[in-house]
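Down below is the structure, laid out as structure tokens.
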Amino acid sequence: AQSVTQLDSHVSVSEGTPVLLRCNYSSSYSPSLFWYVQHPNKGLQLLLKYTSAATLVKGINGFEAEFKKSETSFHLTKPSAHMSDAAEYFCVVSDRNSNYQLIWGAGTKLIIKP
Amino acid sequence: DAGVIQSPRHEVTEMGQEVTLRCKPISGHNSLFWYRQTMMRGLELLIYFNNNVPIDDSGMPEDRFSAKMPNASFSTLKIQPSEPRDSAVYFCASSLKGSSYNSPLHFGNGTRLTVT
């Protein structure tokens with residue numbers, strides 16, 4: 001069965017410092033993996049997705065994520081945090097066995113300190 | 001592209017009243033999803049439509065909830081009668097292909113429902 005674990009419910013970083021949001025998954029088949037971002041009082045927006053092409057995926061707003069099959073991880077990173085990055089981030093997995101079903105992580109709230 | 005449009009943005013109603021939430025998916029998308037988000041339970045998939053046909057409504061909490069998609073450009077989620085525990089943010093999302101295996105979802109800004 002598929003599952004997604006976001007290891008931190010909250011991450012706090014200072015503006016200008018690197019961001020790391022951790023995500024581990026389990027999947028029986030070659031998965032597709034996504035990161036979505038939700039700003040306050042907004043819907044969710046796709047940041048990036050991995051679908052069995054390059055393992056290092058670049059997304060919007062300077063974010064990127066690396067698919068590591070051996071570690072079953074898909075951590076989200078950004079070299080330098082900006083105040084506008086403050087939001088909640090969701091890691092999502094699906095595979096061809098799941099058809100339409102997306103498995104959502106519980107979310108990580110990113111706090112940016114000035 | 002206007003994105004997924006949901007209305008109303010906020011709805012406050014009294015227990016027992018009927019509530020109707022509306023969604024206009026992105027033109028050309030053939031899959032539509034209704035989600036509910038709460039602090040306690042996170043994001044929950046309520047129902048999924050493909051080509052206007054409900055494929056899976058197993059996430060609908062109970063018979064008080066119903067959803068329709070009369071055409072490719074409109075869907076409704078109705079709660080009748082509403083209860084305080086229905087208070088949540090309800091999101092509509094659409095995608096281009098029937099399977100979301102590879103297709104990302106495009107979300108509306110949600111409807112915040114408060115039932116008093």
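So, B:G28, is that one on the phi > 0 side of the Ramachandran plot and more than 12 Å from every other protein chain (Cβ to nearest Cβ) or not? So B:G28 passes the test. Going by the conditions given, is A:L44 among the aliphatic types (A, V, I, L, M) and under 20 Å from B:F33 (Cβ atoms)? Here the answer is yes, as A:L44 does meet what is asked. With respect to the stated conditions, B:V89 fails to be more than 12 Å from chain A (Cβ to nearest Cβ) and of a type in the set (V, I, T).
When region A:8-21 is limited to residues that are touching a residue at least 60 places away in the same chain (Cβ under 8 Å) and open to solvent by 40 Å² or more (accessible area, probe 1.4 Å), the one that is nearest to A:K78 (Cα to Cα) turns out to be A:P18.
Only residues that are farther than 15 Å from B:G28 by Cα, assigned to a loop (DSSP other than H, G, I, E, B) and out of contact with any Asp or Glu (no Cβ under 9 Å at 6 or more places or on another chain): list them for region B:60-99, please. Matches in region B:60-99: B:M60, B:E62, B:D63, B:E83, B:S87. One residue alone among B:R9, B:R64 is surrounded by fewer than 18 Cβ atoms within 10 Å (Cβ to Cβ), more than 14 Å from every other protein chain (Cβ to nearest Cβ), on the phi < 0 side of the Ramachandran plot and not aromatic (F, W, Y), and that residue is B:R64. Annotation: B:P54 fulfils all but one of (1) touching a residue at least 12 places away in the same chain (Cβ under 8 Å); (2) crowded, with 20+ Cβ neighbours inside 10 Å; the unmet one is (2).
In region A:41-52 there is at least one residue that is closer than 22 Å to A:Q101 by Cβ, assigned to a loop (DSSP other than H, G, I, E, B), open to solvent by less than 50 Å² (accessible area, probe 1.4 Å) and touching a Phe, Trp or Tyr at 6+ places or on another chain (Cβ under 6 Å).
Checked across region B:27-42, the condition of being within 20 Å of A:L46 (Cβ to Cβ), of a type in the set (S, T, Y) and surrounded by fewer than 18 Cβ atoms within 10 Å (Cβ to Cβ) holds for at least one residue. The number of residues in region A:1-36 that are hydroxyl-bearing (S, T, Y) and within 15 Å of the chain's Cα centre (by Cα) comes to 7. Checking each residue in region A:68-112 for being modelled with pLDDT of 95 or more, assigned to a strand (DSSP E or B) and open to solvent by 20 Å² or more (accessible area, probe 1.4 Å) picks out A:H75, A:T77, A:K78, A:E88, A:K109, A:I111.
The values are calculated or read from the model by the stated rules, or taken from the named source; none is laboratory data. Quick caveat: nothing in here was measured; it's all calculated off a predicted structure. Heads up, the Cβs are rebuilt from the backbone with ideal geometry, glycines too, and the neighbour counts pull from every protein chain shown. In case anyone asks, the SASA skips ligands and DNA or RNA and just uses the protein heavy atoms, side chains included. Shrake-Rupley method; radii C 1.70, N 1.55, O 1.52, S 1.80 Å.
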